[in-house]
Amino acid sequence: AQPLCPLCRAPLLVVVLPPAPTAKTDLARRAWRQLAGSGGGASGHRPSARPLVVRSRGPAHPSWALASGATAAAGNIATAAQQPSGAAAHRAGLVRPVLVWFRNDLRVADNPALYAAASSGAPVIPVFIHALCEEGPWPMGGAGRYWLHHSLGALQAELRASFCSDLVLRCADADGGSLAQLIALIEETGASACYFNNAYEPWKAERDDLVDAALRSLEIQVRRTISAVLNEPWAVRPDERPAACEAGFGTINFWLAALAECDENEVEPLPPPETPLLKPSAGLPHSLPLQSFGLARMPNRRGEAGSAAGWVG
């Protein structure tokens, strides 16, 4: 007999999802154990279209270790991957959301990752992960933290006012780093993809390669886009182009000659995505308050109170 709503006695639509095969879950867990033992990221080149086998190229950063609950979460993510997709998911109301992982690209205009996610037709979850453990040898100073606080606040306000959305804030620690927070968000929301713009600091590039490989091993789509540069550094390589070398090493023509042969053409800045951004049917996941990051602390100088103008300037 068809079940009825206990309140209004109307017929209920029941959607039965097939369970994930044990072998699939075991495969995901083995992938996590392999990644946890590698300690490093893949080379800083374009991510491949298939899962990567990540091997160490140097000392492991503590933030690259998986959190203690990551292995168990992997099984849950693999189960979520069995949900219907495409037209069937639309008809059943089970469209899986996508994550947009903001980093130093706290803007809505000319943001390829945000634009691509919004154009996918899936609900979008904007997220920023505060990860002090991943700043490497260039940690933010007081002015940088103050700038970050107000930039995050401005992005939150714009997403709320213009896009009917919000910025989900999470904080990472050295036990799991950004990867563990992304895993938690995927488990909470059932997200099917993660979009982010490439970073080019060596320690951040290796972290991104690790995240890319880990998510792909769990059948989570990863979309990496160009945002901070016009051409990827490995796409130009003037030292490998005869025409550039003939133009004169160390001159501007050395670079321009290589750029002229580059396959990647300059593109116009992207507009903001169309408003509003689609929200997941269950709403956005919980977010930490911005003040909990402790970014907007003014310096205490003897005999004078800190001021925003003096600190930033």
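Some notes on this structure:
- Evaluating 6.51 cos²θ - 1.76 cosθ + 1.60 at θ = phi - 60° for every residue in the stretch 211-222, the Karplus couplings come out as 4, 4, 5, 5, 5, 5, 5, 9, 6, 9, 5, 10 Hz, glycine and proline recorded as x.
- Within the stretch 97-117, backbone nitrogen closer than 13 Å to the virtual label 7 Å beyond the Cα of Ser162 toward Cβ: 106-111, 115
- Three-way shape label, the stretch 96-230, alpha-carbon gyration tensor, a/c 1.5: rounded
- Simple spin-label estimate for Glu201 and Asp110 in nanometres, 7 Å along Cα-Cβ: 2.2 nm
Computed from the coordinates by the stated procedures, all read-outs in this text should not be read as laboratory data. Quantities reported herein were computed from a predicted structural model and do not represent experimental measurements. Every residue, glycine among them, receives a Cβ derived from its backbone with ideal geometry; neighbour counts consider all protein chains shown.
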